[in-house]
Amino acid sequence: MLIKILILLIVFYLIAIYPDTSRKKKMEPYEKCFIAHRGLFNNKDIPENSLPAFKKAVENNFGIELDVQLTTDDKLVVFHDASLKRMTGIDKNLTDCSYEELCGYPLLDTKEQIPLFSDVLSVLNPDTPLVIEIKAEGRYIETTKRTVEMMKSYNGLYNMESFNPMVVRYLRMNEPQIIRGQLAYNYLSDPNAKISKVLCFVLTYLLMNFLTRPDYIAYDVNGSDNLSFQLMSRLFKAECVAWTVKSRQQFEEKKHLYQCFIFDSWMPDNKDL
């Protein structure tokens, strides 16, 4: 009886984590170039998630990963952190601000401002593979809806991802034509995680994939020893995206587990892919 129960648990586990592998071919453009994390930035004269960072990534033939949030006046802007503190020195959450207010907060004491998502799209090459992360902060479903609506008039290559399975679930149920990715990492080792240990376990081991059926898994490159991720990569042959590769050495060590690579802090060569 115990053996039968164990077998059933294993079967349920495998069903729970199984991704959608039917659209891997659509990810091929992302496999042919490195993806610049928040653009090609140095956080000196070129801040992350700024128009110059995105322009520089395009000039160097890299793909682009960026982060989308929604202001109080329903403007889609590109910014990573929940708080403005690190990038602007202002101790407020972005989702508590209007766009007009944000315009008064320069990025890292440069002349650059937090850009509108529409302005970022206008400087991209349609052939540039674009990865859009929907942030979990604030009104994340409304953020998702407005992002989807804006992308209807965009003729370039893109997909959407989120750490929040409810965002990925929304895309699966309402916008199945959009390639969707589940972001994840080891929540259990994160002292700043603001969720229960049970939910940390569920998210770490991708146990909500049965609801989201993501087209790809974007997993922390430092957490690639995770059992569920190993099954994604080795058993299911799922599309696996590494974030964030910080050096050539790290790329060489992990490239056998992933097909796509989001990078920052070094200058890769697309010929290595």
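The values are calculated or read from the model by the stated rules, or taken from the named source; none is laboratory data. Treat the numbers as computed from the prediction; the structure is a model and nothing was measured. Here Cβ is always computed from backbone atoms with ideal geometry, including for glycine, and neighbour counts include all displayed protein chains.
Quick test for you: out of Ile114, Ile141, Ile90, Ile132, pick the one residue that is part of a loop (DSSP other than H, G, I, E, B) and within 20 Å of the chain's Cα centre (by Cα).
Values: Ile141 fails: part of a loop (DSSP other than H, G, I, E, B); Ile90 fails: within 20 Å of the chain's Cα centre (by Cα); Ile132 fails: part of a loop (DSSP other than H, G, I, E, B).
After applying the criteria, what remains is Ile114.
Have a look at Asp127, Asp45 and point out the one that is more than 24 Å from Leu183 (Cα to Cα), part of a loop (DSSP other than H, G, I, E, B) and in contact (Cβ under 8 Å) with a residue 24 or more places away in the chain. If you could, list the steps in order and put the result at the bottom.
Working: Asp127 fails: more than 24 Å from Leu183 (Cα to Cα).
Of the residues listed, the single one that is more than 24 Å from Leu183 (Cα to Cα), part of a loop (DSSP other than H, G, I, E, B) and in contact (Cβ under 8 Å) with a residue 24 or more places away in the chain is Asp45.
Tally the residues that are exposed (fewer than 14 other Cβ atoms within 10 Å of the Cβ) and either in contact with a Lys or Arg (Cβ under 9 Å, 6 or more places away or on another chain) or closer than 27 Å to Asn60 by Cα (or both), restricting the search to the stretch 1-28.
Adding up the residues that qualify gives 2.
Would you check if Leu273 is of a type outside the set (Asp, Glu) and free of Cβ contacts under 8 Å to residues at least 40 places away in the same chain? Lay out the reasoning, then the answer.
Numbers: of a type outside the set (Asp, Glu): yes; free of Cβ contacts under 8 Å to residues at least 40 places away in the same chain: no.
No; evaluated as a whole, the condition is false for this residue.
Looking at Leu188, Leu199, which one is surrounded by fewer than 19 Cβ atoms within 10 Å (Cβ to Cβ), of a type in the set (A, V, I, L, M, F, W, C), touching a Cys at 6+ places or on another chain (Cβ under 6 Å) and assigned to a helix (DSSP H, G or I)? Quick ask: steps written out before the conclusion?
Numbers: Leu199 fails: touching a Cys at 6+ places or on another chain (Cβ under 6 Å).
The conditions single out Leu188.
Name the single residue, out of those in the stretch 151-185 being small (Gly, Ala, Ser) and part of a loop (DSSP other than H, G, I, E, B), that is farthest from the chain's Cα centre (by Cα). Full working, then the answer.
Step one: of the stretch 151-185, the residues small (Gly, Ala, Ser) are 153, 156, 162, 181, 184.
Restricting the remaining residues to those that are part of a loop (DSSP other than H, G, I, E, B) gives 153, 156.
Values: Ser153: 21, Gly156: 18 Å.
Per the criteria, the residue is Ser153.
Rundown of residues vs (1) touching a residue at least 40 places away in the same chain (Cβ under 8 Å); (2) surrounded by 15 or more Cβ atoms within 10 Å (Cβ to Cβ); (3) of a type in the set (Gly, Ala, Ser), yes/no style:
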residue	(1), (2), (3)
Ala57	yes, yes, yes
Asp67	yes, yes, no
Lys75	yes, yes, no
Thr88	no, yes, no
Thr95	yes, yes, no
Leu102	no, yes, no
Phe117	yes, yes, no
Ile132	yes, yes, no
Ala136	no, yes, yes
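Determine whether the stretch 171-183 contains at least one residue that is among the small types (Gly, Ala, Ser), at negative phi and without any contact (Cβ under 8 Å) to a residue 60 or more places away in the chain. Lay out the reasoning, then the answer.
Quick first cut of the stretch 171-183, residues among the small types (Gly, Ala, Ser) only: 181.
With at negative phi added as a condition, the list becomes 181.
Checking the rest, the ones that are also without any contact (Cβ under 8 Å) to a residue 60 or more places away in the chain come to none.
No, there is no match, as no residue in the stretch 171-183 is among the small types (Gly, Ala, Ser), at negative phi and without any contact (Cβ under 8 Å) to a residue 60 or more places away in the chain.
Quick check on my filter: what residues within the stretch 184-236 are in contact (Cβ under 8 Å) with a residue 60 or more places away in the chain and among the basic types (Lys, Arg)?
Within the stretch 184-236, Arg213 is the sole residue that qualifies.
Suppose we filter Leu51, Leu130, Leu66, Leu40 for residues that are in contact with a Pro (Cβ under 8 Å, 6 or more places away or on another chain), under 18 Å from Asp264 (Cβ atoms) and modelled with pLDDT of 95 or more; which single one remains?
Leu51
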